[in-house]
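To keep things clear, I will list the structure first and then write my remarks on it.
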């Protein structure tokens, strides 16, 4: 399981953004084309690793969490909500400042309520900035976070999220860039 994901990550182009090694992959960037079998592998592992029976909503982050939430939503028949990069000004909208290794911006939470039982899913955790900001905001909103998933773990972000929020992050693979190449290791026992 996850053979197609691992192989496709190992073949990812690597580009530099300042000092940051950025890998280009359909799970994290939407390019090159996504093999549906990779999404099926990801969904199967999430279903295996997390009890999804109590989830009311799947919550993802624009833009690269959307396809992951969609695939999972279709499989488990639970609706999803997208945390957006655009302000709508809707009643109850919550603004969250997010800083990553290569950008910073505000994100906007709508249609997530106190007591909602959610699964938070994102493509990658590297600096931990996005997930930490969102988890803290959701906790302040008294949302019941049943699980947090990031498909790819890079750098120390997973540990930083745990330290800053108390929330464990399930990752499926750890990716490191060595000599301009992606080196991938499974982080789940299958």
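Computed from the coordinates by the stated procedures, all read-outs in this text should not be read as laboratory data. Keep in mind the model is a prediction, meaning the values are calculated, not measured. Ideal geometry is used to build each Cβ from the backbone, glycine not excepted, and the neighbour counts take in all protein chains shown.
Using the alpha carbons alone, the radius of gyration of the range 116-160 stands to its Kirkwood radius in an Rg to Rh ratio of 0.97. Once you divide the Cα radius of gyration of the range 61-160 by 2.2 N^0.38 Å, the number left is 1.02. Once the C-beta distance of residue 190 and residue 37 is scaled by a Förster radius of 25 Å, the resulting FRET efficiency is 0.95 to the nearest 0.05. Counting only DSSP beta bridges whose two residues both lie in the range 1-109, roughly 75 percent are antiparallel. When peptides 119-129, 14-24, 70-80 are sorted by average Cβ neighbour count within 10 Å, with the highest value leading, the order is 119-129, 70-80, 14-24.
Ordering 43-56, 169-182 by mean Cβ neighbour count within 10 Å, with the highest value first, yields 169-182, 43-56. Here each label is just a point 7 Å from Cα along the line to Cβ, and for residue 94 and residue 1 those points are 3.1 nm apart. Centre-to-centre, using Cα atoms only, the range 108-177 and the range 1-62 are separated by 15 Å. Can you give the translational diffusion coefficient of the chain in µm²/s, computed by Stokes-Einstein from the Kirkwood radius over Cα pairs at 10 °C and 1.306 mPa s? Approximately 95 µm²/s, per Stokes-Einstein.
How much of the DSSP beta bridge set in the range 3-186 is antiparallel, as a percent to the nearest 5? Counting DSSP beta bridges with both partners in the range 3-186, the antiparallel share is about 45 percent. Taking the range 50-84 and a reference point 7 angstrom along Cα→Cβ of residue 105, the backbone N atoms nearer than 11 Å belong to 62-64, 84. Taken over the Cα atoms of the range 1-89, the convex hull encloses 128 Å³ per residue. The ranking of 82, 149 from fewest to most other beta carbons within 10 Å of each one's beta carbon is 82, 149. For an R0 of 30 angstrom, estimate the FRET efficiency from the Cβ-Cβ distance between residue 51 and residue 156 and round to the nearest 0.05. FRET efficiency, residue 51 to residue 156: 0.65.
Against the chain, whose longest principal axis comes from its Cα atoms, helix 66-76 is set at around 70 degrees.
With contacts taken as Cα pairs under 8 Å and at least 6 residues apart, the chain reaches a relative contact order of 19 percent.
Label-to-label distance for residue 176 and residue 63 is 3.2 nm, based on points extended 7 Å past Cα in the beta-carbon direction.
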